Structures are given as C-alpha cells and as structure tokens.
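Everything below concerns the one structure shown next.
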Amino acid sequence: MKLKALIKNFSDDETGVISSDMMMLAAAGGLLSIAIMVFASSGVEQLEKDRAYQLKAQEKVTTF
C-alpha cells in the first residue's frame, strides 16, 4: 500500500518539471550551435581552397 501511494504521489507531483524542459531546450540549443559551427567551418575551408586555386591560376597567367 505504501509503494502504491508513493508511485501515485510521484506521478502527481509536478515540481521540477520546468527544469527538465529547460534542460532539453538547452541541449537542443547546444546541438544546434555545434551543427552550425561544423557546417560553417566546412564552408570556410572550401572557400579557402577555392581562393588558393584562383591565386595559383592568377600567378600562372601573369608569368607568361
């Protein structure tokens, strides 16, 4: 009987619910920021490769 009352009290108690919601929101924000950094860094690396290729091509044209 005591266990049943404990389970019912636990299921009816809503204290601390907002902290779990905020924890999930913070985790989602953290994952989103990590994903943005990964995609942005790969884009910057590709731009750097393109710029280096254009500079090499420009050097070859000006030497002739």
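Once the Cα atoms of helix 17-63 and of the chain are each reduced to a long axis, what angle between those two axes, in degrees from 0 to 90 to the nearest 10, is obtained?
10 degrees
Suppose only helical runs count, i.e. DSSP H with n ≥ 4. What mean residue ellipticity at 222 nm does that imply for the chain under -39500 (n - 2.57) per run, divided by all residues and rounded to the nearest 500 deg cm²/dmol?
It comes out at -32500 deg cm²/dmol, rounded to the nearest 500.
Once Rg/Rh (Cα atoms, Kirkwood Rh) is worked out from the coordinates, which option in (1) 1.64; (2) 1.03; (3) 1.19 does it equal?
Recomputing Rg/Rh (Cα atoms, Kirkwood Rh) here picks out (1).
Based on the Cβ-Cβ distance of residue 35 and residue 56, what FRET efficiency does E = 1/(1 + (r/R0)^6) give at R0 = 30 Å, to the nearest 0.05?
0.40
Taking the Cα-to-Cβ direction at residue 48 and at residue 10 and moving 7 Å from each Cα, how far apart do the two end points lie in nm?
5.2 nm
Compute the acute angle (0 to 90°) between the alpha-carbon long axis of helix 2-12 and the principal axis of greatest extent of the alpha-carbon atoms of the chain; round to the nearest 10°.
Helix 2-12 and the main axis of the chain meet at about 50 degrees.
Computed from the coordinates by the stated procedures, all read-outs in this text should not be read as laboratory data. Since the structure is predicted, the reported quantities are computational estimates derived from the model, not experimental observations. Don't worry about glycine lacking a Cβ; one is built from the backbone with ideal geometry, like all the others, and counts go over all protein chains shown.
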